[in-house]
Ligand code: MRU
């Protein structure tokens, strides 16, 4: 059985770059149109669009807008591109996409058609990579499996289909998945708002849990494997992903439950040796003191709100990419992958 998506997180149309406003889901499905590089910066920064591959897809069109706005002024173009990269620091896909499209802009002397084609190519390639990740990743899912996932890694977080949620959807389509547990993913609730929305829409049997219920389910043998995404994977296989990923990996290791990260090779930062060097975004404390518009903590309390954490490679059973599943020793596997990709 093949599942079909009936929505697009991002789509370049005649009028501009149309994005689902993910801040409003699941109660409102509304769209925002970006027409300038600043619109794209805002959409990424404010998490209208989020998820590493989706951010990369959107950023490509940001470079197209930057080229239009710069009107041949290469210094201005570079400034706008650097500004786009600053929108969020952790997901490496952002910098990767901006560099890739900016290189075409320069090589083509700012030919807008060539730039547009490169941005389109990033989107098309991402969708194709995700389907491949789904096919490859579904092989680790034993029939009848119950899978736990964290944050949102589906069609909303990518240019289409999804990474970890793509694996789950592909495996479900093959009849392998009995049930999915989705962490709510405090504080932005990507699991509750977005993954639950995608799972319900796809008709996949699923249960939403508070993040802190995951350890008990894992200990009690109720989870066959954990599959989640990545925002940046370093040369030694360390994985930065949504806050809470590291804790899940520790519990999985303790109880011998397979723990997989699924990501396209565009999420691998080959130049960064290990996870200690990944910039971790810290977001506004209001995300913790408030749930939506409702205040849940007193005025005056100090807040620590890192958006991501780093999972050491030794806690990871495998990294599922479109080129195959990377396993220990990760540094060797990733160096070989780099060579084969010519990056
Ligand atoms: O802050 P977000 O919502 O952008 O964080 C998203 C994640 O951490 C995802 O797991 C990751 O980007 C992979 S999305 C396929």
**In the stretch 90-122, residue nearest to the ligand (Cβ to nearest atom) [restricted to those that are within 25 Å of residue 282 (Cβ to Cβ) and assigned to a helix (DSSP H, G or I)]** = 93
**Request:** Find all pairs meeting these conditions: Cβ atoms under 7 angstrom apart; at least six residues apart or on different chains; first residue within the stretch 311-335 and surrounded by fewer than 17 Cβ atoms within 10 Å (Cβ to Cβ); second residue assigned to a loop (DSSP other than H, G, I, E, B).
**Result:** 331/235; 331/236; 331/237
**Request:** Could you please tell me which pairs satisfy a Cβ distance under 7 Å, a separation of 6+ or placement on different chains, a first residue in the stretch 184-202 that is within 24 Å of residue 215 (Cβ to Cβ) and free of Cβ contacts under 8 Å to residues at least 40 places away in the same chain, and a second residue that is part of a helix (DSSP H, G or I) and within 12 Å of the ligand (Cβ to nearest atom)?
**Result:** 184/191
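Criterion first (more than 16 Å from the ligand (Cβ to nearest atom) and either crowded, with 18+ Cβ neighbours inside 10 Å or under 27 Å from residue 30 (Cβ atoms) (or both)) does residue 200 satisfy it?
Against the criterion (more than 16 Å from the ligand (Cβ to nearest atom) and either crowded, with 18+ Cβ neighbours inside 10 Å or under 27 Å from residue 30 (Cβ atoms) (or both)), residue 200 qualifies.
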**Item:** Residue among 183, 220, 224 that alone is at pLDDT 95 or above and within 21 Å of the chain's Cα centre (by Cα)
**Value:** 183
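Results for (1) assigned to a loop (DSSP other than H, G, I, E, B); (2) in contact (Cβ under 8 Å) with a residue 60 or more places away in the chain, shown as yes or no for each residue.
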{"site": "237", "(1), (2)": "yes, yes"}
{"site": "241", "(1), (2)": "no, yes"}
{"site": "246", "(1), (2)": "no, yes"}
{"site": "251", "(1), (2)": "no, no"}
{"site": "254", "(1), (2)": "no, no"}
{"site": "257", "(1), (2)": "yes, no"}
{"site": "261", "(1), (2)": "no, yes"}
{"site": "266", "(1), (2)": "no, yes"}
{"site": "276", "(1), (2)": "no, no"}
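Matching residues to (1) within 12 Å of the ligand (Cβ to nearest atom); (2) under 17 Å from residue 88 (Cβ atoms); (3) at pLDDT 95 or above:
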{"residue": "247", "(1), (2), (3)": "no, no, yes"}
{"residue": "253", "(1), (2), (3)": "no, no, yes"}
{"residue": "257", "(1), (2), (3)": "no, no, yes"}
{"residue": "263", "(1), (2), (3)": "yes, yes, yes"}
{"residue": "266", "(1), (2), (3)": "yes, yes, yes"}
{"residue": "272", "(1), (2), (3)": "no, yes, yes"}
{"residue": "275", "(1), (2), (3)": "no, no, yes"}
{"residue": "279", "(1), (2), (3)": "no, yes, yes"}
{"residue": "284", "(1), (2), (3)": "no, yes, yes"}
**Asked** Is it the case that the stretch 138-145 has a residue that's more than 21 Å from residue 8 (Cα to Cα), more than 15 Å from the ligand (Cβ to nearest atom) and part of a helix (DSSP H, G or I)?
**Response** yes
**Of all residues in the stretch 64-89 being assigned to a loop (DSSP other than H, G, I, E, B) and crowded, with 20+ Cβ neighbours inside 10 Å, the one that is farthest from the ligand (Cβ to nearest atom)** = 87
**Asked** Residue check, residue 32 against (1) touching a strand residue (DSSP E or B) at 6+ places or on another chain (Cβ under 6 Å); (2) crowded, with 24+ Cβ neighbours inside 10 Å, all met but one. Which one?
**Response** (2)
**Asked** In the set 306, 312, which member is at pLDDT 95 or above, over 17 Å from the mean Cα position of the chain (by Cα) and over 26 Å from residue 127 (Cα atoms)?
**Response** 312
**Asked** Restricting the stretch 203-235 to residues that are away from the ligand (no atom under 14 Å from the Cβ) and in a helix (DSSP H, G or I), which is surrounded by the most Cβ atoms within 10 Å (Cβ to Cβ)?
**Response** 214
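The values are calculated or read from the model by the stated rules, or taken from the named source; none is laboratory data. Values in this document were obtained by computation on a predicted structure and should not be read as measured data. So basically every Cβ, Gly included, is an ideal-geometry build from the backbone, and we count neighbours across all protein chains shown.
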